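Here is the structure we will look at.
The values are calculated or read from the model by the stated rules, or taken from the named source; none is laboratory data. For clarity, every value in this text was computed on a predicted model and none was experimentally measured. In this analysis, Cβ positions are derived from the backbone assuming ideal geometry, glycine residues included, and neighbour counts consider all displayed protein chains. Calculation scope for accessible area: heavy atoms of the full protein, side chains included, ligands and nucleic acids excluded. Shrake-Rupley method; radii C 1.70, N 1.55, O 1.52, S 1.80 Å.
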Amino acid sequence: TTFRLPSEAVTLAERLGDAGYSTGAVVSSFVLHSDFGLDQGFDACRQAPRPIDAELIRPFLDAASDRPFFLYLHNTEPHTPLDARPAFRRHFDPVEPLFEREYVELTKRYRELTRVDFAAGRVPGTTDNTADQTRILARLGELRSQVHNVYSMAVRDADDRIGAVVAALKERGTWDRTLFIVLADHGEEMGDHGGWQHDQSVYQELIRVPLVVKLPGGAHAGERVARPVSLVDVFPTVLEVADVPGVRVSGRSLLPLLGGPGGAPATRVVAMRRNEKKYYRPYAESRGDVNVAVRRGKWKAILNVEPGTLELYDLEADPGEERDVSAEHAGLAAELRAFAERRYAELCAASTEAVEQGAELDAATEAELRRLGYVGDAPR
């Protein structure tokens with residue numbers, strides 16, 4: 001079994017569908033398959049065989065006709081940096097075949113080592129292969145400039161696909177009155193704090209993601225909001241712009257932040273990590289498996305739950321989070337620690353009330369999830 005979206009959950013697609021919108025989704029990620037209930041509320045949900053471009057969305061736009069529509073597009077790029085199309089590779093430094101092969105082998109082996117216990121159905125940490133992981137991390141660090149090069153290619157490729165969607169909306173004459181939002185779920189570790197890939201910390205390289213909002217009519221064009229926000233704010237923002245009654249959610253609309261400073265900086269949880277799959281002894285000892293990131297203006301605190309430690313960074317003076325200043329600002333650190341502990345307890349209490357539904361998987365689905373690292377061999 002695996003987790004499935006509870007049918008009683010109210011999705012953004014359902015709220016907009018109830019308000020008369022035509023709703024559709026085109027997704028290129030297997031883990032967003034309709035088998036997991038993530039098509040709930042969509043009139044049509046299509047699993048794309050390739051990265052999404054304008055041609056894949058034209059059938060939905062044609063079917064929507066004159067109705068207002070909500071279209072959700074999910075690309076995985078630049079998740080795998082070596083997947084950039086040749087047309088975009090030409091604009092960057094050449095990629096040596098030997099580097100490409102070594103990078104694929106290194107990242108594949110690194111991923112396997114971090115999840116060796118999870119894949120076998122054991123508690124992570126049963127096997128300590130820290131020395132092997134450390135050797136791979138050191139080699140990846142030596143290749144960092146080349147990895148940045150291919151990752152830049154993938155970002156440029158992804159940007160072009162977004163541009164093609166924008167062009168399709170302009171061709172139809174709907175761009176000016178469209179709310180268009182571009183966002184990402186996470187960044188990528190490239191040795192910034194020693195790690196690689198994307199789920200071993202809550203430092204800025206992972207949680208500071210693009211969030212670009214184009215409002216109908218171009219309102220507030222070019223305005224930049226400095227206040228920390230979260231992806232959970234997207235749901236209420238869409239409903240407010242669409243003038244659709246909302247539901248109780250943990251996020252808050254972004255619209256009040258536009259057109260002014262918006263008052264004193266709020267304190268809020270902006271990200272949380274819970275590790276259930278990976279083990280690397282230095283991270284287990286220093287970070288643990290649960291981390292809560294809190295922001296208040298330029299200040300960022302990270303509560304490492306199991307070791308009981310708190311890191312504090314001044315992101316204006318130290319955007320790379322290289323210097324923990326919790327000792328110099330003990331009063332602020334204590335205040336943000338108390339806030340993080342309280343919010344974490346509240347989130348834990350809320351999660352116990354959520355409905356967990358088992359979804360029986362067919363053999364092919366289970367095999368694909370195991371290949372992607374979402375399922376171990378033993379029941380969880």
Toy charge model, Lys and Arg Cβ at +1, Asp and Glu Cβ at -1: the chain dipole around Cα centroid in debye, rounded to 20, equals 380 debye
Projected onto their principal axes, the Cα atoms of the stretch 62-139 stretch, largest extent first, over whole-Å spans of 60, 38, 15
Packing-ranked peptide list from 243-255, 202-214, highest mean Cβ count within 10 angstrom first, is 202-214, 243-255
Check: in the chain the Lys pairs 8 or more apart or on separate chains whose Cα atoms fall under 27 Å apart number 6
Carbon/sulfur accessible area of the chain, % of total, 1.4 Å probe, equals 52 percent
Dimensionless Rg/Rh of the stretch 1-73, both radii on Cα and Rh by Kirkwood, sits at 0.98
Mean shadow area (nm²) of the C-alpha convex hull around the stretch 298-340 is 2.9 nm²
One checks the Cα atoms of the stretch 155-274 and finds Rg and Dmax, in Å, of 16.4, 48
accessible surface per residue for the stretch 119-169, probe 1.4 Å, DNA/RNA/ligands not counted, whole Å² -> 46 Å²
From the Cα centre of the stretch 141-158 to that of the stretch 195-264, the distance in Å is 27 Å
Taking every DSSP bridge whose two residues both lie in the chain, the antiparallel percent to the nearest 5 is 75 percent
Using alpha carbon positions and the Kirkwood radius, the Rg to Rh ratio of the stretch 41-171 is 1.11
Quick calc: nm separation of the 7 Å Cα→Cβ label points for A167 and A226 -> 3.7 nm
Between the residues V238, Y279, G260, the Cα farthest towards the positive end of the dipole of the stretch 206-303, that dipole coming from +1 and -1 charges on the beta-carbon of Lys, Arg, Asp and Glu, is from Y279
